[in-house]
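Report on the following structure.
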Amino acid sequence: MGDETIKVAILGSGNIGTDLMYKLLDRPGSMELALLAGIDPHSEGLARARDLGVEASAQGIDAVLERPDIQIVFDATSAKAHVRHARLLRETGRIAIDLTPAARGPYVVPPVNLEQHLDALNVNLITCGGQATIPLVYAVSRVTPVHYAEIVSTVASRSAGPGTRQNIDEFTFTTAHGLEVIGGAHQGKAIIILNPAEPPILMRNTVYAIPAGDFDETQVHDSIEAMVAEVQQYVPGYRLKNPPVFDIRETPWGRKPVVTVLLEVEGAGHFLPTYAGNLDIMTASARRVGEVFARRLLSRQEVYV
Amino acid sequence: MKAPRLTDTTLRDGSHAMAHTFTRQHVREIVTALDRAGVPVIEVTHGDGLAGSSLQYGFSRVPDLDLIAEAREVAERARIAALLLPGIGTRRELKAAVERGVQVLRIATQCTEADISEEHFKMAKDMGLETVGFLMMSHMRSPEFLAEQASLMESYGADCVYVVDSAGAMLPHDAAARVQALKATLRVQVGFHAHNNLGLGIGNTLAALEAGADQIDGCLRGLGAGAGNAATEVLAAVLDRLGINPGLDVLALMDAAEYVVAPIMPFQPFPDRDAITIGYAGVYSTFLLHAKRIGEQTGVDPRAILIELGRRQAVAGQEDWILDVALDLARKQKHAPA
């Protein structure tokens, strides 16, 4: 394998695309960032790419299609644009890692279900709240069945762009669905809160889980700690604010033990400010997914050559 | 001053004080009493709005959609309103609430985040509803800033925008300045929603009326979050004495408060030390019961928790920060020299 790499491109030269560019340059791993493509010739992201020696284009998807050597494409544009991009990328055999809400492929959370979708041509990163909280719900459900999981994501107002603001319902639907199908909860619920405090707050998530039956607190505690360590490998600012709390609450299913996990996500500050952990976890997860796909492509090439 | 329109929110804001335990029977009795006494709009929803039933805020004993249907069935003249907080409730619950009989939709956002409500206003207007915008925690921003946010809601289709003193932190001149700023900017109506944490529920409502408010809120017995709201029966008496009674039966509302609501209340909301602290620290009134419970669990004075939440600029709906702050303070207490 040695120094071999897979060429990748980023679609979208906004904040997310630019932050991802910095992450890929900082830790390229098995990837080589060959192109940043936007549609606004005056965008700051494209100018930064050129300054850093990365090929930049304002021709959007067309610039990617002209480069058959690019095998993986990160899409940080919009849901609407990705619907079109997904088709074009699939037709030309590229792997698409979708950071938009378009969801043309399966949802992936790296430490939970990425292994199941290694042959997919298009994967979706759900939501920032999903990337942050689904690993913790899964950490509980892998040791004891979870009847109900509820998450509250609080993000700094400044880190919530127009896409999030105009489609805030999609956050709750998509995240709740992810808690169920990937997190393993029988029933999921998601809440998002925008906090305008100055200076801006770090992304905060609270995860509540109601196990279906009796469970061992130590086992749940250890599983959560292990999962946090695993996510920290690709999101260094991912940490518990306190050890998991266990208490008894009134619920529609009677008095039940509830596991409460208080999580904080601090961004790495590659391009986005450190308070925007919600955006950082998306670009960091995307990089992780890209790395796993790139290694797999490289190992396949070895076999075929 | 002109006669304002009154919305009674005993069955929504009161849901907090009741720990979300309202039953169909409660709704039937309270709606009947309010309707007969001439209250034109009655709000019925989980305290945190549609889909508010959760571990974060407390589960509803009876689904609020069922309570809404019950209210609509017994109301003869009054219109039934529901509250929706984007980020908690969605267009799905909005549609379901309309199917169960909601006629007025109140859409609430933190007062800095009006732009998350556009889709919900559009859908409500498309469905033929009357719409009201609710700028929560309005004490946290200047009158000019609020007027800009209110204009956004107006542009999305709000028929009225409320200055909401969710923390009960305003003094009368704060309420008046904010209502005035909205009146000077909007073409649609302006409302005011008070909490009584500093004992100013009625006083602030009066200041808002003098500043031109078209709509106001009340709860029977003041049953609401924190130290409760402006009491509907007191507002009725005051408006009547001012000569601007919008058609409320003052004595019937006193009876409704005394014989229908008082007997079912778990406690009388009033400015006790924790509730005063909410107004004083400027935090969300619904934090009251959660802070008391978590304070007891962690051995931390609820007032210390509330003041720290104010310092961290917690906003509407952030009940999960209460445990967070309490655990931080408990750790500090443990390590503090005796």
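The values are calculated or read from the model by the stated rules, or taken from the named source; none is laboratory data. It should be emphasised that the depicted structure is a prediction, and the values quoted were computed from it without experimental measurement. Glycine also receives a Cβ, built like all others from the backbone with ideal geometry; neighbour counts cover every protein chain displayed.
Here are a few things to note about the model shown:
Each row is one residue, and each column tells you yes or no for (1) within 16 Å of the chain's Cα centre (by Cα); (2) closer than 23 Å to A:V289 by Cα.
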position	(1), (2)
A:I126	yes, yes
A:A132	yes, yes
A:L136	yes, yes
A:V146	no, no
A:T164	yes, yes
A:A176	yes, yes
A:G184	no, yes
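- When the range B:67-93 is filtered for residues that are within 14 Å of another protein chain (Cβ to nearest Cβ) and closer than 18 Å to B:V41 by Cα, only B:L84 remains.
- Residues considered: B:Q180, B:Q268. Of these, the only one that is in contact (Cβ under 8 Å) with a residue 12 or more places away in the chain and assigned to a loop (DSSP other than H, G, I, E, B) is B:Q268.
- Tally of residues being within 16 Å of A:S285 (Cα to Cα), part of a helix (DSSP H, G or I) and among the aliphatic types (A, V, I, L, M) across the range A:89-123: 2
- Residues satisfying the stated conditions in the range B:51-64, i.e. on the phi < 0 side of the Ramachandran plot and either in contact with a His (Cβ under 8 Å, 6 or more places away or on another chain) or more than 14 Å from chain A (Cβ to nearest Cβ) (or both): B:G52, B:S53, B:Y57, B:F59, B:S60, B:R61, B:D64
- Any hit, the range A:21-43, residues being basic (K, R) and under 20 Å from the mean Cα position of the chain (by Cα): yes
- Single match in B:I294, B:I307 (criterion: more than 19 Å from the chain's Cα centre (by Cα), within 12 Å of chain A (Cβ to nearest Cβ), part of a helix (DSSP H, G or I) and among the hydrophobic types (A, V, I, L, M, F, W, C)): B:I294
- When residues in the range B:310-338 are screened for being part of a loop (DSSP other than H, G, I, E, B) and within 14 Å of another protein chain (Cβ to nearest Cβ), 8 of them pass.
- Test: A:E264 is within 11 Å of chain B (Cβ to nearest Cβ), modelled with pLDDT under 95 and either under 19 Å from A:V152 (Cα atoms) or surrounded by 22 or more Cβ atoms within 10 Å (Cβ to Cβ) (or both): no
- Some residue of the range B:294-312 being over 16 Å from B:T10 (Cα atoms), in contact (Cβ under 8 Å) with a residue 40 or more places away in the chain and in contact with a Lys or Arg (Cβ under 8 Å, 6 or more places away or on another chain): no
- On the stretch given as the range A:45-64, residues that are crowded, with 17+ Cβ neighbours inside 10 Å and assigned to a helix (DSSP H, G or I) total 7.
- Whichever residue in the range A:103-127 is of a type in the set (A, V, I, L, M, F, W, C) and in contact with a strand residue (DSSP E or B) (Cβ under 7 Å, 6 or more places away or on another chain) and, among such residues, is farthest from A:R84 (Cα to Cα): A:V108
- Among residues of the range A:174-202 that are at the interface with chain B (Cβ under 9 Å from one of its Cβ atoms), those with a Cβ under 6 angstrom from a residue that is charged (D, E, K, R) and surrounded by 20 or more Cβ atoms within 10 Å (Cβ to Cβ), sequence gap 6+ or separate chain, pair up as A:K189/A:E150; A:L194/B:E113.
- When restricted to residues that are over 13 Å from A:L11 (Cβ atoms) and aromatic (F, W, Y), the range A:40-92 contains 0.
- Scanning the range A:206-227 for residues that are among the polar types (S, T, N, Q) and in a strand (DSSP E or B) yields one hit, A:T206.
- In this structure, A:A212 does satisfy being touching a strand residue (DSSP E or B) at 6+ places or on another chain (Cβ under 6 Å) and away from chain B (no Cβ under 14 Å).
- Here the range B:34-53 is the region considered, the condition is being hydrophobic (A, V, I, L, M, F, W, C) and touching a residue at least 40 places away in the same chain (Cβ under 8 Å), and the residue that is nearest to B:L94 (Cα to Cα) is B:L50.
- There is at least one residue in the range B:191-211 that is of a type in the set (D, E, K, R), surrounded by fewer than 24 Cβ atoms within 10 Å (Cβ to Cβ), part of a helix (DSSP H, G or I) and at pLDDT 95 or above.
- Flag if A:P196 is surrounded by fewer than 24 Cβ atoms within 10 Å (Cβ to Cβ) and within 22 Å of B:T90 (Cα to Cα): yes
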